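Trainee: One structure follows; several queries about it will come next.
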Amino acid sequence: MNIEELSKSQLILLTILVNFVTSIATGILTVSLLDHAPAFVTQTVNRVVEHTIETVAAAAPITAVQAPAPSNQDLVTAAIGADAGRVVAIYATDASTSTPALSVGTYLPKARAIVTAAQEGLPKEALVEFTDGHRIPASIAHEGKGIVIYGFADSATLPKMASPALVAAGDLKLGETTLALGADGSASTGIVARVGEKGIYTTLPDIGAGSAAVDLSGNLIGISTGITPGFLIATDAIKELLLATSTSATSTAAVK
């Protein structure tokens, strides 16, 4: 067959075939020559190959797979979930299972304490019901500045969960998102409108006395008084009372 009679497709296939046969022959010839070559030649060839591989590997870009950043909806959902896990109901010690709760509060695992807003009718001794249904006796450890803190006996077995950070009023920014669960279990969102000497003003609706407001990280911003919608007692008051309770307990132990 005359090569000039071949079509373009046939010429391309012929070229590929020739290159394939040539590469195989070259490989066989190279291996054969290396088998008969002196040792130092073989070592030199191996070094060249290894160096080439290392250079190509170092030049290849490494693309790190980054996890997608959580969306605002994910942050809101997680924060509300964390807040819901810390909500407790406060009952009188003689209350039956059908008796309505006197108030709601927020569990602070690290401090082994319950914080709520000061209200009429809160007993000195109470039963605190956690989200798992368990009721544990508690008593008022300290109160003041519109806040009441209940403490537990050292022998009490309390639920284990992450403790929220207490965000100081001075660290809040105007327009910062605030989230809350009302006493009726409804979720609400708002923003920080103003931070004053008396407390924190937000655009949250009336969430009920003792309900907590948190930020997008689920950290505690303040406690609702239940008097003025959106008004929160800052966590600075909670920190002060917790410190006073800790100091008082330490002093009492030292006297004993």
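Trainee: So Thr178 fits all but one of (1) at pLDDT below 95; (2) buried (at least 20 other Cβ atoms within 10 Å of the Cβ); what number is the exception?
Mentor: It fails just one condition, (1).
Trainee: Continuing with this model, one more query. Limited to segment 187-205, what total is found for residues that are among the β-branched types (Val, Ile, Thr) and closer than 17 Å to Ala117 by Cβ?
Mentor: Residues of segment 187-205 among the β-branched types (Val, Ile, Thr): 189, 191-192, 195, 200, 202-203.
Those left that are additionally closer than 17 Å to Ala117 by Cβ: 200, 202.
Qualifying residue count for the region: 2.
Trainee: Among the residues of segment 92-108, what is the count of those that are within 18 Å of Ala156 (Cβ to Cβ) and surrounded by fewer than 15 Cβ atoms within 10 Å (Cβ to Cβ)?
Mentor: So the answer is 1.
Trainee: Identify, by number, the condition in (1) of a type outside the set (Ser, Thr, Tyr); (2) part of a strand (DSSP E or B); (3) surrounded by fewer than 23 Cβ atoms within 10 Å (Cβ to Cβ) that Ile221 doesn't meet.
Mentor: Only one criterion is unmet by Ile221, namely (3).
Trainee: Please enumerate the residues belonging to segment 69-119 that are in a loop (DSSP other than H, G, I, E, B) and either free of Cβ contacts under 8 Å to residues at least 24 places away in the same chain or hydroxyl-bearing (Ser, Thr, Tyr) (or both).
Mentor: Ala69, Pro70, Ser71, Thr93, Asp94, Ser96, Thr97, Ser98, Thr99, Pro100
Trainee: For segment 170-189, how many residues meet the condition of being more than 20 Å from Gly105 (Cα to Cα) and either out of contact with any strand residue (DSSP E or B) (no Cβ under 9 Å at 6 or more places or on another chain) or of a type outside the set (D, E, K, R) (or both)?
Mentor: Step one: filter segment 170-189 for residues more than 20 Å from Gly105 (Cα to Cα), giving 170-177.
Adding the requirement that they be either out of contact with any strand residue (DSSP E or B) (no Cβ under 9 Å at 6 or more places or on another chain) or of a type outside the set (D, E, K, R) (or both) leaves 170-172, 174-175, 177.
The qualifying residues number 6.
Trainee: Just to be sure, is Gly133 out of contact with any Phe, Trp or Tyr (no Cβ under 8 Å at 6 or more places or on another chain), within 20 Å of Thr225 (Cα to Cα), at pLDDT below 95 and surrounded by fewer than 17 Cβ atoms within 10 Å (Cβ to Cβ)?
Mentor: On the way: out of contact with any Phe, Trp or Tyr (no Cβ under 8 Å at 6 or more places or on another chain): yes; within 20 Å of Thr225 (Cα to Cα): no; at pLDDT below 95: yes; surrounded by fewer than 17 Cβ atoms within 10 Å (Cβ to Cβ): yes.
Judged against the criteria, Gly133 is not a match.
The values are calculated or read from the model by the stated rules, or taken from the named source; none is laboratory data. These numbers were taken from a predicted model, which means no experiment stands behind them. All Cβ positions, even for glycine, are placed from backbone atoms using ideal geometry, and neighbour counts span all protein chains on display.
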